[in-house]
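The values are calculated or read from the model by the stated rules, or taken from the named source; none is laboratory data. The structure displayed is predicted, hence computed values, not measured ones. Every residue, glycine as well, gets a Cβ built from its backbone with ideal geometry; the counts of neighbours run over all protein chains shown.
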Amino acid sequence: MYWEESKECISREDLEQLQLERLQSTLYRVATHVPFYRSKFKEMQIDPDGFRSLEELRNLPFTTKDDLRDNYPYGLFAVPLREIVRVHSSSGTTGMATVVGYTKNDIKNWADLVARVLTAAGLTKDDVIQIAFGYGLFTGGFGLHYGAERMGASVIPISSGNTKRQIQIMQDFKTTALVCTPSYALMMADTMLDLGIDISSLSLKFGLFGAEPWSEEMRAEIQEKLGIRATDNYGLSEVMGPGVAGECEECNGLHINEDHFLVEVVDPDTFEPVPPGEIGELVITTLTKEAFPVIRYRTRDLTRILPEPCPCGRTLQRMSRVLGRTDDMLIIKGVNVFPTQIESILFDIEGTEPHYRIIVEREDHQDKATVMVEVVESIFFDEMRKQRELIDHIKRRLASELGISVDVKLVEEKTLERFEGKGKRVIDKREF
Ligand code: DLL
């Protein structure tokens, strides 16, 4: 089943024509309303009106997360604030968040694109969808919520956390589809096992998981433990949020909503396009966004285009699951975290030394992060109570500024390995 068959099964020729027209109007929009793009185009002598083919996309400048940060909070908006009906935000590299906005029309398109992803995964208006993504500045909760409502399904906006209650609601409200991060789905499955709940007593049939990397092995485990079909869906706030790409019932890669997003896969070092089917960094240009259009946004996500046609009949190209990142962003419990954010908090706390290690592991399918930090001698040999106070202080700061709980271990000065070249401060033991 399709949500918008005329677009999902469009011929390549018609798609490219549509993309070109939409790209031309996006270029006009940014050149007219966003000073950042206007001056970039001028600097690079790009005439946005002279754009005649999709190949010319390669001449356009990239947009990076730093550009978003430099224009914090509203500098890249292409409409005045009074046209904005929603604002979302995600973590930035130096602790400064990036802010994105949506017009009424953007919200409508967003809901339709998420409805596409849900329909492709096999869901219909008859489903009862439990949305266990956080509702708030993160795009996951609201994004999937509006899409599920648009489809006409019954939505349970439970948000994340409180696992036992999630399970109770899942049983009582006869949830048929679970929407959250894959790791949270596994945690729910394990809690059910601990509680002795018989999975066959649930009404659950589908799981739509995304917002963090996961593997085929993890998919198999979730499917088995919850007795469902689990599909992957991908998106990022800078471009929209969930709804950029999603798997169909074939579970063999994510169809990209190419009528709204023009994608390129480039070599992250040379920025040249990689040959079709090869791994590179995904670069996205929005084609219909009004409030926050982006040109050639470097996602930092590594993937590859799967060129073979999909048996589901959709002609929209597929990308593989996200295979990694080209930067050091970590996704811990679904939250984007940059090591530099942790570093700047530690630098700010008296008694800690600028030497630290971040260890991320998976315990019972849940991410667990520990920060080991060197402390000055006087503190290390101080009484336990003082050490405890410092640990609690660091933990509170990390929790309030990162939005996740992190364990903290104090270590003696000069115990952490030093690096002569590029430091390796993050030890990620998780397997994706
Ligand atoms: O995570 C949007 C989203 C919400 C997607 C719910 C799917 C479901 P951000 O918080 O801006 O937005 O984080 C975006 O998360 O660049 C990827 O690195 C990662 N990511 C998102 N979906 C996937 C996925 C949302 N399915 C960043 N697999 C992206 C792997 C993913 N990584």
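Select the strands (runs of 3 or more DSSP E) contained entirely in segment 272-341, then report the ones holding at least 3 residues which are in contact with a Phe, Trp or Tyr (Cβ under 7 Å, 6 or more places away or on another chain) and buried (at least 22 other Cβ atoms within 10 Å of the Cβ).
Hits in segment 272-341: 280-286.
I need the full set of residues from segment 263-279 which are at pLDDT 95 or above and within 16 Å of the ligand (Cβ to nearest atom), in order please.
V263, E264, V265, V266
Would you pick out the residues in segment 182-203 that are surrounded by 20 or more Cβ atoms within 10 Å (Cβ to Cβ), more than 16 Å from the ligand (Cβ to nearest atom) and under 25 Å from the mean Cα position of the chain (by Cα)? I'd like the intermediate steps shown before the answer.
Residues of segment 182-203 surrounded by 20 or more Cβ atoms within 10 Å (Cβ to Cβ): 182-186, 188-189, 192.
Checking the rest, the ones that are also more than 16 Å from the ligand (Cβ to nearest atom) come to 188-189, 192.
Once the filter is applied, which keeps residues that are surrounded by 20 or more Cβ atoms within 10 Å (Cβ to Cβ), more than 16 Å from the ligand (Cβ to nearest atom) and under 25 Å from the mean Cα position of the chain (by Cα), segment 182-203 yields M188, A189.
Filter segment 274-293 down to residues that are closer than 27 Å to N109 by Cβ and touching a Gly at 6+ places or on another chain (Cβ under 9 Å), then give me how many there are.
The total comes to 2.
Within segment 175-223, how many residues turn out to be farther than 13 Å from Q130 by Cβ and either of a type in the set (A, V, I, L, M) or in a helix (DSSP H, G or I) (or both)? Outline the logic, then answer.
Within segment 175-223, the first condition is being farther than 13 Å from Q130 by Cβ, and the residues that meet it are 181-183, 186-187, 189-201, 210-223.
Okay, now just the ones that are also either of a type in the set (A, V, I, L, M) or in a helix (DSSP H, G or I) (or both), so 182-183, 186-187, 189-195, 197, 199-201, 211, 216-223.
The number of residues fulfilling the criteria is 24.
Can you tell me which condition G246 does not meet? The list is (1) in the same structural domain as R82 (by TED's automatic domain parsing); (2) in a strand (DSSP E or B); (3) farther than 20 Å from K108 by Cβ, and all the others hold.
Only one criterion is unmet by G246, namely (3).
Between R325, R300, which is charged (D, E, K, R), more than 20 Å from R22 (Cβ to Cβ) and without any contact (Cβ under 8 Å) to a residue 40 or more places away in the chain?
On the way: R300 fails: without any contact (Cβ under 8 Å) to a residue 40 or more places away in the chain.
Exactly one residue qualifies, and that residue is R325.
I'm told S39 meets every condition in (1) surrounded by fewer than 18 Cβ atoms within 10 Å (Cβ to Cβ); (2) among the hydroxyl-bearing types (S, T, Y); (3) under 30 Å from K164 (Cβ atoms) except one. Can you identify the failing condition by its number?
(3)
How many residues does segment 152-169 contain that are part of a helix (DSSP H, G or I) and touching a strand residue (DSSP E or B) at 6+ places or on another chain (Cβ under 6 Å)?
Restricting attention to segment 152-169, the residues satisfying the condition of being part of a helix (DSSP H, G or I) are 163-169.
If we keep only those that are touching a strand residue (DSSP E or B) at 6+ places or on another chain (Cβ under 6 Å) too, we end up with none.
Of the residues in segment 152-169, 0 are part of a helix (DSSP H, G or I) and touching a strand residue (DSSP E or B) at 6+ places or on another chain (Cβ under 6 Å).
Does S39 satisfy the criteria of being assigned to a helix (DSSP H, G or I), within 13 Å of L316 (Cα to Cα) and among the small types (G, A, S)? Let's see the steps before the verdict.
Numbers: assigned to a helix (DSSP H, G or I): yes; within 13 Å of L316 (Cα to Cα): no; among the small types (G, A, S): yes.
For S39, the condition - assigned to a helix (DSSP H, G or I), within 13 Å of L316 (Cα to Cα) and among the small types (G, A, S) - is not met.
A153 passes all but one of (1) surrounded by fewer than 22 Cβ atoms within 10 Å (Cβ to Cβ); (2) over 18 Å from the mean Cα position of the chain (by Cα); (3) over 18 Å from C248 (Cβ atoms); which number fails?
Of the numbered conditions (1) surrounded by fewer than 22 Cβ atoms within 10 Å (Cβ to Cβ); (2) over 18 Å from the mean Cα position of the chain (by Cα); (3) over 18 Å from C248 (Cβ atoms), the odd one out for A153 is (3).
Can you tell me which residue within segment 119-135, out of those that are within 17 Å of the chain's Cα centre (by Cα) and hydrophobic (A, V, I, L, M, F, W, C), is nearest to the ligand (Cβ to nearest atom)?
Residues of segment 119-135 within 17 Å of the chain's Cα centre (by Cα): 131-135.
So of that shortlist, the ones also hydrophobic (A, V, I, L, M, F, W, C) come out as 131-133.
Numbers: I131: 10, A132: 11, F133: 6 Å.
The selected residue is F133.
For the subset of segment 346-358 comprising residues that are assigned to a helix (DSSP H, G or I) and surrounded by fewer than 19 Cβ atoms within 10 Å (Cβ to Cβ), which member is modelled with the highest pLDDT? Reasoning before the result, please.
Initial filter on segment 346-358 (assigned to a helix (DSSP H, G or I)): 346-348.
Right, trim to surrounded by fewer than 19 Cβ atoms within 10 Å (Cβ to Cβ) and you get 347-348.
Numbers: F347: 79, D348: 85.
The selected residue is D348.
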